[in-house]
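First comes the structure, then the notes that go with it.
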Amino acid sequence: MWDGFNKRKFPRINLRCELTLKTQTAGNKVLRIQTENVGAGGVCVIVDQPMERFSVLSVRLELDPNLPWIECLGKVVWSIPSRETVSKKENFDTGIEFMNITARDQQR
């Protein structure tokens, strides 16, 4: 995972939870993945394809199976290529900023 200079307003915690992303472009591609870390302002995920910077996505985040999903829009703010050390498969560490998250969901 990218370990560059940290410019975040909100701290992140290493938390694996289910995340569904849906593109807003033609085709409405859906990705179901797990987070690498989560913060009040966004998430980091690892995906198998690059995501266009500043593209807008529908986000559904499950923090706890006993609580309602968090649903909001997200914006891709960075995407960095990385490789799995064993398989040499290229992945992309990707940062997604929450855009219209409610104050209540941000607190959760």
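Computed over protein heavy atoms with a 1.4 Å probe, the carbon and sulfur contribution to the accessible area of the chain reaches 50%. In units of the compact-protein estimate 2.2 N^0.38 Å, the chain shows a Cα radius of gyration of 1.04. Note on Met99 and Asp48: the extension gain reaches 16.0 nm, defined as 0.36 nm multiplied by sequence separation minus the Cα-Cα distance. Computed from label points 7 Å out along Cα-Cβ, the spacing between Arg16 and Leu63 is 2.0 nm. Subtracting the Cα-Cα distance of Ala40 and Ser55 from 0.36 nm times their residue separation leaves 3.4 nm of extension gain.
Each distinct pair of alpha carbons in region 25-71 adds a 1/r term; the inverse of their mean, the Kirkwood radius, is 12.4 Å. In order along region 48-60, the Karplus-derived 3J(HN,Hα) couplings, from 6.51 cos²θ - 1.76 cosθ + 1.60 at θ = phi - 60°, round to 8, 8, x, 10, 5, 4, 6, 6, 9, 10, 7, 10, 10 Hz, and Gly and Pro are given as x. The charge dipole of region 21-103, taken about the Cα centre with unit charges on the Cβ atoms of Lys, Arg (+1) and Asp, Glu (-1), comes to about 240 debye, rounded to the nearest 20. Label positions at Gln24 and Trp78, each projected 7 Å from the Cα along the C-beta direction, are separated by 2.2 nm. Volume per residue for region 9-52 equals 88 cubic angstrom (convex hull of Cα atoms). Per residue, the accessible area of the chain comes to 66 Å², computed with a 1.4 Å probe over protein heavy atoms only.
The values are calculated or read from the model by the stated rules, or taken from the named source; none is laboratory data. All figures in this text were calculated on a predicted structure; none of them were measured in a lab. Cβ sites come from the backbone with ideal geometry, for glycine too, and all protein chains shown count toward neighbours. With ligands, DNA and RNA removed, areas are computed over all heavy atoms of the protein, side chains included. Shrake-Rupley method; radii C 1.70, N 1.55, O 1.52, S 1.80 Å.
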